[in-house]
Every structure is written in structure tokens, then in C-alpha cells.
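Read the figures in this text as sums done on the coordinates, not as results from a lab. What you are looking at is a predicted structure, and each value in this text was computed from that prediction instead of being measured. Heads up, the Cβs are rebuilt from the backbone with ideal geometry, glycines too, and the neighbour counts pull from every protein chain shown.
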Amino acid sequence: MEILEIFKKDGILAVIKPQGFASVPGKLPDICSAVLKKYPHIAQVNGFNKSEGGLLNRLDNETGGILLFAETDEAFEYYKKAIINKYYYAITNRRPEWIEKDVDFPIAHHYSDKARMVTIIPDKEKSLKYRGKPQNAQTHLRFIKEIDFQILIEAQITKGCRHQIRCHMASVNLPILGDKLYSKTKNATTYHQLYCYKVAFKTLSGENVEIEHIPEELKKFF
């Protein structure tokens, strides 16, 4: 697998994960194994999991965008505690009635389907079944523009939980186009239309940086 490197400085490496690839080793081809093969020193980092080296964040298999890796143990300890703002572009076919909106619903595992998560909305909580302890989750949504009946939404998170943006957008009646779990609308997209296009944080040396990458399929909006 060819690695698209977009940033390498102050002990952190940013690469692009293509849609359809896993973040970590498993059943599908994954970006983590390719990165650790190309950069053996990152494989030696004492990270969250031995097989993941210095990997700092994950993306769903169908989600494309920026993955971050710490290059040293020192960098990993710093960046795993740092505030890293993550910005995603999502496409939906429903236009919101607002320009910006904060979604602040906890998320938990579905009671029987291991592939799904559920959003815990206060007025529906009593009738909702789920497993384990719900995780607090905050997503800031912003309407960007509409082209050819497709609506581009920016979603901003810091420390995200599994399927957070997908669940939160579905909970406010804006399911992501192509989402096979949380959208009832059938469409011809190969993958769900969610992409981590920007991250912003303070580096180990104290520099404020923003790393951005817009994929070809989203450039029609700009």
C-alpha cells in the first residue's frame, strides 16, 4: 500500500487512510501495518496496543482521512493527552434548519448488534436498550453548502467515541449518505460519505498547527 504522508514534525506523523481500508490490523487490509512497515521506529512506540505502535486515532473502515502516529514514546505520552481538534466533512441529502448546532447525546453499544452504537436521547432513554456504560460525546455541526441536492456538513470533535459523528448526525435527522447502519435511505455510494479532512493541535515544541487534506471527491463543493 502506498502511504500518503502529509505532515511529519515534532514527533508526529500524519497520513491519509483511504476509504475501505481498516485503521488497524484485522480482517481487512489496514493502513497501520503499512505505516509500521515503512517506519519501523513507529512500531517500537509503546502505544495503546502493541500491534499499533504509535497510532493515536482510528477511523471507521469506510471513513477516509487523517490518521496520526506518534514517532517516539515521549511524543506518544504528550499527544495522547493533548487536545486534538478533529474536523470532518459529511454529506447528507437533508438540509438542516440551522447553520450551526451542538449535539451532546451520550452514545452506548447496541444491546444485541455488535456492529451498532445507539444515541441516548433524554426523552427516549427509558425505552432504549443498550449494553455497558454510555460515553459522553459532543459534536459541533455546521452547515457548509448544498450542491446538486447534496448537503455538506462539517462535524467537529475532540476525543470521539465509536461511530460518534454517524450516530449524532442520524439523531438530528441528518443521516450520512451511504451509511449502511444509521441511514434508511438507499443510494449508490460505495462507502459512507464521511472524511476527516483537518486536525488542529499544539505540537510537542509548542507550535499551533492545522493539517488539512481535501479528497478529490469533495473538491466539487469548493
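For region 176-222, the convex hull spanned by the alpha carbon atoms encloses 109 Å³ per residue. Please compare each pair in LYS17/LYS198; LYS198/LYS219; LYS86/LYS184; LYS17/LYS81; LYS101/LYS159; LYS86/LYS180 to a cut-off of 21 Å on the Cα-Cα distance and tell me which ones are over it. Cα-Cα > 21 Å for LYS86/LYS184; LYS17/LYS81; LYS86/LYS180; rest within. Working note: Karplus 6.51/-1.76/1.60 with θ = phi - 60° gives region 178-185 the couplings x, 6, 6, 9, 10, 10, 8, 7 Hz, where Gly and Pro are set to x. The label point for ASP113 and the one for GLN150, both projected 7 Å from the Cα toward the Cβ, are 2.5 nm apart.
Loop-located chymotrypsin sites (Phe, Trp or Tyr not before Pro) across region 69-128 with a Cβ neighbour count of 12 or fewer within 10 Å are TRP98, TYR111, with loop assigned by DSSP.
Could you tell me the calculated FRET efficiency between ARG94 and LEU28, based on Cβ-Cβ distance and R0 = 45 angstrom, to the nearest 0.05? Walk me through the numbers on the way to the answer.
Values: r = 30 Å, r/R0 = 0.66.
So the FRET efficiency works out to roughly 0.90.
The string of couplings for region 72-82 from the Karplus curve (6.51, -1.76, 1.60, θ = phi - 60°) is 9, 4, 4, 5, 4, 4, 6, 6, 5, 9, 6 Hz, one whole number per residue in order, with x for Gly and Pro. Which residues in region 11-26 place their backbone N less than 16 Å from a point set 7 Å from the Cα of LYS180 along the Cα-to-Cβ direction? What the label zone holds, given the 16 Å backbone N cut-off, is 19-23.
If you sort the three axes of the alpha carbon gyration tensor as a ≥ b ≥ c, you get a/c of 1.5 or more for region 1-57 and a/b no higher than b/c, which makes it oblate.
Across region 194-203, computed HN-Hα scalar couplings (Karplus, 6.51 cos²θ - 1.76 cosθ + 1.60, θ = phi - 60°) run 9, 8, 7, 9, 8, 10, 9, 6, 9, 6 Hz from first to last residue, x flagging Gly and Pro. Scaled to the globular estimate 2.2 N^0.38 Å, the Cα spread of region 1-119, given as radius of gyration, is 1.21. Three semi-axes describe the equivalent ellipsoid of region 84-198; taken as square roots of 5 times the Cα gyration tensor eigenvalues and ordered largest first, they are 23, 16, 13 Å. Per residue, the convex hull spanned by the alpha carbons of region 65-142 comes to 167 Å³.
Sorting 56-65, 143-152 by their mean Cβ neighbour count within 10 Å, with the most densely packed peptide first, gives 56-65, 143-152.
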